[in-house]
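All remarks here apply to the structure that follows.
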Amino acid sequence: MSEAVMYSGAKEALGKEGLIEDWSRDKQVFGVPWGKAMMWVFLLSDTFIFSCFLVGYMSVRMATTDPWPNPSEVFALEAFGYPVPLLLIAIMTFILITSSGTMALAVNMGYRKNRKATFWLMLATAILGASFVGMQIFEWSKLIEEGVRPWGNPFGAAQFGSSFFMITGFHGMHVTAGVIYLLVVAFRVKNGFYENRPDGYKIVEITGLYWHFVDLVWVFIFAFFYLW
Amino acid sequence: MSYVAFADRDHEQEHHDPETFFTKYIWSQDHKVIAIQYGLTAIFVGLIALGLSVMMRLQLGFPNEFNFINPEDYYQFITMHGMIMVVYLLTALFLGGFGNYLIPLMCGSRDMVFPYLNMLSYWTYLVSVIILVASFFVDGGATGAGWTLYPPQAISQGTPGIDVGIILMLVSLAVFIVAFTMGGLNYVTTVLQARCKGMTLMRLPLSVWGIFIATILGLLAFPALLVSAIMMLFDKTLMTSFFMPAVSSMGIDPGYSGGSPILFQHLFWFFGHPEVYIVALPAFGIVSDLISTHARKNIFGYRMMVWAIIMIGGLSFVVWAHHMYVSGMNPYFGFFFATTTLIIAVPTAIKVYNWVLTLWEGNIHLRVPMLFSIGFIFTFIHGGLTGLFLGNVTIDLPLSDTYFVVAHFHMVMGVSPVLVVLGAIYHWWPKISGKMYNETLGKWHFWMTFLGAYAIYLPMHYLGFAGVPRRYFAMGNTDFLPDSAQDLNVAITISAIFVAASQLLFFINMIWSLKSGPKSDPNPWDATTLEWHTPDHPPKHGNWGHELPEVHRWAYDYSVPGYEDDFIPQNVGADKVPAGRDRDGEH
């Protein structure tokens, strides 16, 4: 088998052959920019961080001797005179998922080199993200006002407050970092910073990967912390 | 393929060489300089940890002689010794040091994919080291919780360093993990995406494979340590009860309730066991290259070696609770984890057999790196066999927390990787510095270290069988221990001081070599891998001059019949080799 056939004539095959071809290729395994490959690996590592947080939370929830507070009651908001369970959380989740939609549109517009649309869609994503963080601040202050602290709370097991502040805090930091990241890239898109770069607007997609990840993590936090 | 690989776009890039002293040597983004910075820092903290171990041995060998070592100090010594050696020395040296130096050179890249991030990784690592060392000087001193930092004891009254030391330790670990992540992402992406033309994954030298898989383990295992460090930090500073059950400490209720100390152990060992292989896999890889080069023979079973590394890496994530047989787990867990633990022996044994079979009928040159490599095979088999004892629940129970455990893990992940580190430094020293070292002094260094290490750890196995518990400040008048146990302790201490002192030979040798050593040949060992075939010696910024290398064969074409030399470098074209005479991992 001559080397020219083996290594240079790389065509895109699918399925098992494609997998083998990717991994047996010289120069690079994936046909993507370095930044994108690195973001994949980083997100894999970050997945393990959030998994450890969630498994740790579930483990203390089972270990603790005090009863666990009912999230439907703790996270209820008064609307039209009735307590609506998880009202704020539902709105927050909706906003974050919407922001994933605007992000996906921004990636698409980036590949079409529509700088203006990309900028505005990324800005919209950042604003939605910032409003999510804003609502989280509201939620935190409401709970703190009601006496929830990392070391104890009036509703039941102390681990409720500990896990809540730790996990939502860590996720909120990720969202905040994401908003800053989005804004930096958005304004660079606007200024034409990526116009003559070899990898061009692929950076928008890399930013999008991070943003979708943060969104996905929220879905798991929502399911395991608020709904359970 | 829509995306053009870097190796095909290299000529379009402009290469700027750093110009000032600061950009060249201090705030350098060159992977070789960063590697040396990592290496020097790691060796510096390693020497601190070595000093601590000598202090511990002084206390154990002569319990009543050294009044300046009190029990609190002793516990701080064991904690810091363990943590520094495992994390700040070996992890940083293998991945930050050797990983940084070897990956771009062996893959045929110009540098790591994101050099700025790489530089940031080193400086963050330095911050974590400074925080760690600072904990010696704060009020109450460093933490004395043992390197495993088990709660509740780690943050309860009576443990040294309860006020500030434990906080600094946890913060330092978190900062280290950030530093490691920045570096680790670089190493993985460089291996995957920035190789030169012709360099497939199955042509990579095993050093790169070992470092690559170890880095992946690190990226997936350190998160568990980060999370446990954050949770314990909150337990300490915010009085949360993640790990702390309701306890009464010195007659006072500290106010915790309902936490799970076992949760910490699970998180810690989910990191801790892969960590063993983060240290071991780079050593496996490097020692394979050393043995093959100095035995002038291709590595036996290259593909099997690669798959064994991958299998060990995968299995290392499902064995963690074998560190917890005496923690009060469900007994069925013990059954599961003992089984998975013993399965790891299969790929590990494959590797050992392949090293030995590589030596078999080889043209063995007993140079210093080869001596260290063969020494490694001895100590590693030794430590691996005692691992079979400790991996079985029923045998582990009586041996838990005795000197047998101390002997086992020092043999398998202390002495063995350190022998490889030393061998690797001797092997690549001519490439790094451009100078040769003194061979005779190097051999003395090897024999004193190797025999001395056996003199330290072999007797510890007997002490363990006799029931001498680990982590004790002094045995006192313990009825079940014979008096001879103390005699052995004296002998161990004397050997430990001997080994520690003999490391001076290494530093003398290297400093002499830098000052007045003879200039080395660009390829003094007649090795095949790319780093020995750089246009400049030692390699300059950008590694390859104007043209990236092109690889035509695997890394182990030694003593190929019919070829003029007894080695064919990876970048020699197929047209220069008689037909049918070259071999490749592919065939």
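The values are calculated or read from the model by the stated rules, or taken from the named source; none is laboratory data. Since the model is a prediction, treat every value here as computed from it, not as a measurement. Glycine gets a Cβ as well: all are built from the backbone with ideal geometry, and neighbour counts include every protein chain shown.
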Q: Would you check if there is a residue in the range B:255-274 being under 23 Å from B:Ile350 (Cβ atoms) and touching a Ser or Thr at 6+ places or on another chain (Cβ under 8 Å)?
A: yes
**Q.** Conditions (1) within 11 Å of chain A (Cβ to nearest Cβ); (2) at pLDDT 95 or above; number of the one not met by B:Ala194
**A.** (2)
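Going through A:Phe80, A:Phe119, A:Phe75 one at a time, which residue ends up being farther than 30 Å from B:Phe268 by Cα, in contact with a Lys or Arg (Cβ under 7 Å, 6 or more places away or on another chain) and more than 14 Å from chain B (Cβ to nearest Cβ)?
On the way: A:Phe80 fails: in contact with a Lys or Arg (Cβ under 7 Å, 6 or more places away or on another chain); A:Phe75 fails: in contact with a Lys or Arg (Cβ under 7 Å, 6 or more places away or on another chain).
Just one listed residue meets the conditions, A:Phe119.
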(Q) Considering only residues that are free of Cβ contacts under 8 Å to residues at least 24 places away in the same chain and hydroxyl-bearing (Ser, Thr, Tyr), which ones fall in the range B:336-352? (A) B:Thr339
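Name the single residue that is farthest from B:Met55 (Cα to Cα) among those in the range B:504-521 being surrounded by fewer than 18 Cβ atoms within 10 Å (Cβ to Cβ) and in contact (Cβ under 8 Å) with a residue 60 or more places away in the chain.
Looking only at the range B:504-521, we keep the residues that are surrounded by fewer than 18 Cβ atoms within 10 Å (Cβ to Cβ), and these are B:504, B:507-508, B:511-512, B:514-516, B:518-519, B:521.
Subsequent filtering for residues that are in contact (Cβ under 8 Å) with a residue 60 or more places away in the chain retains B:508, B:512, B:514, B:518-519, B:521.
Values: B:Ile508: 23, B:Trp512: 29, B:Leu514: 31, B:Pro518: 38, B:Lys519: 39, B:Asp521: 42 Å.
Looking at residues that are surrounded by fewer than 18 Cβ atoms within 10 Å (Cβ to Cβ) and in contact (Cβ under 8 Å) with a residue 60 or more places away in the chain, I get B:Asp521.
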(Q) Looking only at the range B:248-275, how many residues end up being under 22 Å from the mean Cα position of the chain (by Cα) and either at pLDDT below 95 or small (Gly, Ala, Ser) (or both)? (A) 1
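Being without any contact (Cβ under 8 Å) to a residue 24 or more places away in the chain and surrounded by fewer than 18 Cβ atoms within 10 Å (Cβ to Cβ) is the requirement here; does B:Val326 meet it?
Details: without any contact (Cβ under 8 Å) to a residue 24 or more places away in the chain: no; surrounded by fewer than 18 Cβ atoms within 10 Å (Cβ to Cβ): yes.
No; evaluated as a whole, the condition is false for this residue.
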Q.
Looking at the structure I just gave you, is B:Thr181 within 14 Å of chain A (Cβ to nearest Cβ) and either in a helix (DSSP H, G or I) or surrounded by 19 or more Cβ atoms within 10 Å (Cβ to Cβ) (or both)?
A. yes
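Yes or no: B:Ser288 among the polar types (S, T, N, Q) and under 19 Å from the mean Cα position of the chain (by Cα)?
On the way: among the polar types (S, T, N, Q): yes; under 19 Å from the mean Cα position of the chain (by Cα): yes.
Answer is yes for this residue.
From the list A:Gly161, A:Gly178, A:Gly200, A:Gly192, pick out the single residue that is in a helix (DSSP H, G or I) and either free of Cβ contacts under 8 Å to residues at least 24 places away in the same chain or surrounded by fewer than 21 Cβ atoms within 10 Å (Cβ to Cβ) (or both).
Working: A:Gly178 fails: either free of Cβ contacts under 8 Å to residues at least 24 places away in the same chain or surrounded by fewer than 21 Cβ atoms within 10 Å (Cβ to Cβ) (or both); A:Gly200 fails: in a helix (DSSP H, G or I); A:Gly192 fails: in a helix (DSSP H, G or I).
After ruling out the rest, the residue left standing is A:Gly161.
Can you name every residue in the range B:278-325 that is in a helix (DSSP H, G or I), out of contact with any Pro (no Cβ under 7 Å at 6 or more places or on another chain) and of a type in the set (Ser, Thr, Tyr)?
Restricting attention to the range B:278-325, the residues satisfying the condition of being in a helix (DSSP H, G or I) are B:278-294, B:302-318, B:320-323.
Still in the list and also out of contact with any Pro (no Cβ under 7 Å at 6 or more places or on another chain): B:278, B:281-282, B:284-288, B:291-293, B:302-307, B:309-310, B:313-315, B:318, B:320-323.
Those that are in a helix (DSSP H, G or I), out of contact with any Pro (no Cβ under 7 Å at 6 or more places or on another chain) and of a type in the set (Ser, Thr, Tyr): B:Ser288, B:Ser292, B:Thr293, B:Tyr302.
Could we say that A:Met173 is without any contact (Cβ under 8 Å) to a residue 40 or more places away in the chain and either within 12 Å of the chain's Cα centre (by Cα) or within 19 Å of A:Asp66 (Cβ to Cβ) (or both) here?
yes
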**Q.** Breaking point among (1) under 22 Å from the mean Cα position of the chain (by Cα); (2) of a type outside the set (Val, Ile, Thr); (3) within 26 Å of B:Gly301 (Cα to Cα), for B:Phe404
**A.** (3)
**Q.** Within the range B:254-277, tally of residues that are assigned to a loop (DSSP other than H, G, I, E, B) and either in contact with a Phe, Trp or Tyr (Cβ under 7 Å, 6 or more places away or on another chain) or of a type in the set (Phe, Trp, Tyr) (or both)
**A.** 3
Q) What tally of residues in the range B:12-36 results from selecting those that are acidic (Asp, Glu) and surrounded by 18 or more Cβ atoms within 10 Å (Cβ to Cβ)? A) 1
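Restricting to the range B:12-34, count the residues that are in a loop (DSSP other than H, G, I, E, B) and either more than 14 Å from chain A (Cβ to nearest Cβ) or under 17 Å from B:Gly183 (Cα atoms) (or both). Reasoning before the result, please.
The first filter runs over the range B:12-34 and keeps only residues in a loop (DSSP other than H, G, I, E, B), leaving B:13-20, B:27-30.
If we keep only those that are either more than 14 Å from chain A (Cβ to nearest Cβ) or under 17 Å from B:Gly183 (Cα atoms) (or both) as well, we get B:15-20, B:27-30.
Total satisfying the criteria: 10.
Do the conditions hold for B:Ala555, that is, is it crowded, with 19+ Cβ neighbours inside 10 Å and in contact (Cβ under 8 Å) with a residue 60 or more places away in the chain?
Numbers: crowded, with 19+ Cβ neighbours inside 10 Å: yes; in contact (Cβ under 8 Å) with a residue 60 or more places away in the chain: yes.
In short, yes.
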Q.
Looking at (1) in a helix (DSSP H, G or I); (2) on the phi > 0 side of the Ramachandran plot, which one does B:Glu361 not meet, given that it meets all the others?
A. (1)
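Report, by residue number, each residue of the range B:205-253 that is assigned to a loop (DSSP other than H, G, I, E, B), touching a helix residue (DSSP H, G or I) at 6+ places or on another chain (Cβ under 7 Å) and more than 8 Å from chain A (Cβ to nearest Cβ).
Initial filter on the range B:205-253 (assigned to a loop (DSSP other than H, G, I, E, B)): B:205, B:238-248, B:250-251, B:253.
Then drop every residue that is not touching a helix residue (DSSP H, G or I) at 6+ places or on another chain (Cβ under 7 Å), which leaves B:205, B:240-245.
Listed by number, the residues that qualify are B:Pro205, B:Phe243, B:Met244, B:Pro245.
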Q | Residue tally, condition in contact (Cβ under 8 Å) with a residue 24 or more places away in the chain, in contact with a Leu (Cβ under 9 Å, 6 or more places away or on another chain) and facing another protein chain (nearest Cβ under 8 Å), over the range A:144-158 | A | 0
Q) Got a sec? Which of B:Val86, B:Val54 is touching an Asp or Glu at 6+ places or on another chain (Cβ under 9 Å), more than 14 Å from chain A (Cβ to nearest Cβ), in contact (Cβ under 8 Å) with a residue 12 or more places away in the chain and of a type in the set (Val, Ile, Thr)? A) B:Val86
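So, of the residues in the range B:2-11 that are assigned to a loop (DSSP other than H, G, I, E, B) and surrounded by 12 or more Cβ atoms within 10 Å (Cβ to Cβ), which turns out to be farthest from the other protein chains (Cβ to nearest Cβ)? Break it down into steps so the answer makes sense when it comes.
So in the range B:2-11, the residues assigned to a loop (DSSP other than H, G, I, E, B) come out as B:2-5.
Narrowing further to those that are surrounded by 12 or more Cβ atoms within 10 Å (Cβ to Cβ): B:3-5.
Details: B:Tyr3: 4, B:Val4: 8, B:Ala5: 4 Å.
Among residues in the range B:2-11 that are assigned to a loop (DSSP other than H, G, I, E, B) and surrounded by 12 or more Cβ atoms within 10 Å (Cβ to Cβ), the one farthest from the other protein chains (Cβ to nearest Cβ) is B:Val4.
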Q. Looking at the range A:20-52, which of its residues are facing another protein chain (nearest Cβ under 7 Å) and hydroxyl-bearing (Ser, Thr, Tyr)?
A. A:Ser24, A:Ser45
